[in-house]
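What follows is calculated from the coordinates using simple rules that are stated; it is not laboratory data. Quick caveat: nothing in here was measured; it's all calculated off a predicted structure. Cβ atoms come from the backbone with ideal geometry, glycine included; neighbour counts cover every protein chain shown.
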Amino acid sequence: MADQHRVIFDTDIGTDIDDILALAFLLGSPEITIDGVTTVYGDVGLRARMVQKVLQLRGIDGIPVHTGIGQPLLGLDPVYWPGHEGVGLLNDNDDLATISDRHAVDFLIGHVLANPGEITLLAVGPLTNVATAVIREPRFATSLKRLVIMGGRIDISDTTSGPAEHNIKCDPEAAHVVFASGAPIELVPLDVTLRALIRQPGVGALRKRDTPYHDALADQVDRYPGFVSRGGSTFLHDPLAAMAVVNPDLLGWTAYHVGVELRGTLTRAMTVARLPDNRTPTTARVAMELDVTACETLIAARLAS
């Protein structure tokens, strides 16, 4: 029997389709029980409604959805809000389940401390909720079974987008707190996520299922500006992190001391990785290699399940 995983999904689900596909991967994985979903960054209420709509289309009740913190930890940077969030998914006449009135950070702390060593937290957005939980409750970080994060970039030698990855850039101070927390971190950075793609055949496989749920997933991919601009393909950033929860052996891991640059004029929010030594202990296992075909095949199968 495959290992079972109890997961909290912390997400900034919105314009980029990788969040919704990560949620779909979790929903399509029999090894996973989703104990709750928490939303972060920007209009967290709208993000929560997107989650509720996906769950409703899948025919799933009982997964609590909690809204979290909408602003960066120190409020030093404006919130990035493209404005396409929910387009084509949410409708004015949606009759969605009630969103929990318990704050995401309260849920994170309470649920993890009530189940020490049992909960995997999958964080695929800015780390504001997670950092706040770390600050408020010293036991939180070390009570997690695993903290799987999509974010950062280790090798910046070949990039035209600058040294900072989006999730870290949106709240670098929060990322700094999390990487220094002592949590059992598994980081899935752009180094691997930029190598895994969903393409037109993957979207076609979703449409062949011919259900409102699978049609909605396919429609969100087709609508994503990045999918269109790249000629019918886009990156599986967050689904690859979700895959790492259930099948980490498809990735190649390196132990690093990971820090976040907070002050550099040109390098703010850059993730800096060093091999551990006596002064810089390991703070994360970092995915630096992957079996591209196996990862894409597994993700496609779970999305279409």
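Which of the helices (runs of 4 or more DSSP H) found entirely inside segment 109-187 contain at least 1 residues meeting this: polar (S, T, N, Q)?
Those helices (runs of 4 or more DSSP H) span 128-136, 140-143, 166-170.
Matching residues to (1) under 21 Å from the mean Cα position of the chain (by Cα); (2) under 11 Å from Phe140 (Cα atoms); (3) small (Gly, Ala, Ser):
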| residue | (1), (2), (3) |
| --- | --- |
| Asn93 | no, no, no |
| His103 | yes, no, no |
| Ala114 | no, yes, yes |
| Glu118 | yes, no, no |
| Leu122 | yes, no, no |
| Pro126 | yes, no, no |
| Val130 | yes, yes, no |
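Kindly indicate which of Leu26, Leu21 is in a helix (DSSP H, G or I), in contact with a Pro (Cβ under 7 Å, 6 or more places away or on another chain) and among the aliphatic types (A, V, I, L, M).
Leu21
Of (1) charged (D, E, K, R); (2) within 15 Å of Thr67 (Cα to Cα); (3) under 18 Å from the mean Cα position of the chain (by Cα), Glu85 satisfies all except one. Which?
(2)
In segment 256-292, what residues are farther than 20 Å from Leu127 by Cβ and touching a Leu at 6+ places or on another chain (Cβ under 9 Å)?
If the condition is that a residue be farther than 20 Å from Leu127 by Cβ and touching a Leu at 6+ places or on another chain (Cβ under 9 Å), then Met288, Glu289, Leu290, Asp291, Val292 are the ones that fit.
Being out of contact with any Phe, Trp or Tyr (no Cβ under 7 Å at 6 or more places or on another chain), buried (at least 18 other Cβ atoms within 10 Å of the Cβ) and assigned to a helix (DSSP H, G or I) is the filter here; which residues of segment 287-301 pass it?
Correct list: Cys295, Glu296, Leu298, Ala300.
When the residues of segment 29-42 are narrowed to those that are touching a Gly at 6+ places or on another chain (Cβ under 7 Å) and part of a loop (DSSP other than H, G, I, E, B), which ends up nearest to Val245 (Cα to Cα)?
Val40
Please state which one of Pro172, Pro212, Pro163 is of a type outside the set (S, T, N, Q) and surrounded by fewer than 16 Cβ atoms within 10 Å (Cβ to Cβ).
After ruling out the rest, the residue left standing is Pro212.
Go through segment 272-285 residue by residue and tally those that are over 15 Å from Thr254 (Cα atoms) and either of a type in the set (S, T, N, Q) or in contact with a helix residue (DSSP H, G or I) (Cβ under 6 Å, 6 or more places away or on another chain) (or both).
The number of residues fulfilling the criteria is 1.
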